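Colleague: A single structure is presented below for examination.
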């Protein structure tokens, strides 16, 4: 896969590392000369030191070869222009960081896959790590829905009952789904007949923000 990465800041640098490790062909567009030089020195990738909000920069990055473009800068105007130009050039996959939620619709109109305000997501993740240490990998999705992992204990009211029965009795709230569980190192996709056991590591989708009461139902 040929990937154009716009911006070599914190997010962009990690993307470059991942893409290079996976042996993808990568072109990086970075306006800052120091960052561009650092990327060129550390990775075997094509580096274009230029403003990404220009068609010329994309041409230098060999846009005609690109399978995907990922815009990662902290400036939504630059990201939006890069996505717009990428769409004009027919790049199949367009992805962008969106720093201001008010700009989200503009990116969506261009057909871009978006990630809203990554700094806020990281901050919320860290906050939940101390507020709710019983759960792991909590991610907030659009509309306030959340996905998280939790370890079931013997004190959970869900242990020993089929999930369908717990749902009918209201022990599992409406709009809450257990989408996967890990047991003894094996991944299980649960059905209504699945019975939870202590030490199961479950992945939960919650249709609304996670509460202490919901966590207690799983962890006891």
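What follows is calculated from the coordinates using simple rules that are stated; it is not laboratory data. For clarity, every value in this text was computed on a predicted model and none was experimentally measured. Cβ: placed from backbone, ideal geometry, glycine included. Neighbour counts: every protein chain shown.
Colleague: Hey, what angle do you get for helix 33-42 against the long axis of the chain, alpha-carbon based, 0 to 90 degrees rounded to 10?
Modeller: Rounded to the nearest ten degrees, it is 70.
Colleague: At 0.36 nm per residue, minus the direct Cα-Cα distance, what do residue 54 and residue 101 gain on full extension? Give it in nm, one decimal, please.
Modeller: Full extension from residue 54 to residue 101 adds 14.5 nm.
Colleague: Here's a follow-up. Report, to the nearest 10°, how far helix 10-21 tilts away from the longest principal axis of the Cα atoms in the chain, using its own Cα long axis and a range of 0 to 90°.
Modeller: Relative to the chain, helix 10-21 is tipped by roughly 90 degrees.
Colleague: Mind sorting out which of (1) 50, 37, 31; (2) 62, 35, 31; (3) 54, 35, 30 is the real Cα extents along the principal axes in Å computed from the coordinates?
Modeller: (2)
Colleague: Moving on to the next point. Could you put 43, 175 in order, starting from the residue whose Cβ has the fewest other Cβ atoms within 10 Å?
Modeller: Lowest to highest Cβ neighbour count: 175, 43.
Colleague: Compute the angle between helix 76-88 and the longest alpha-carbon principal axis of the chain, please, reported from 0 to 90 degrees and rounded to the nearest 10.
Modeller: The answer is roughly 80 degrees.
Colleague: If you project the alpha carbons of segment 2-115 onto the principal axes, what extent comes out on each, in Å, largest first?
Modeller: Principal-axis extents of segment 2-115 (Cα, largest first): 37, 26, 26 Å.
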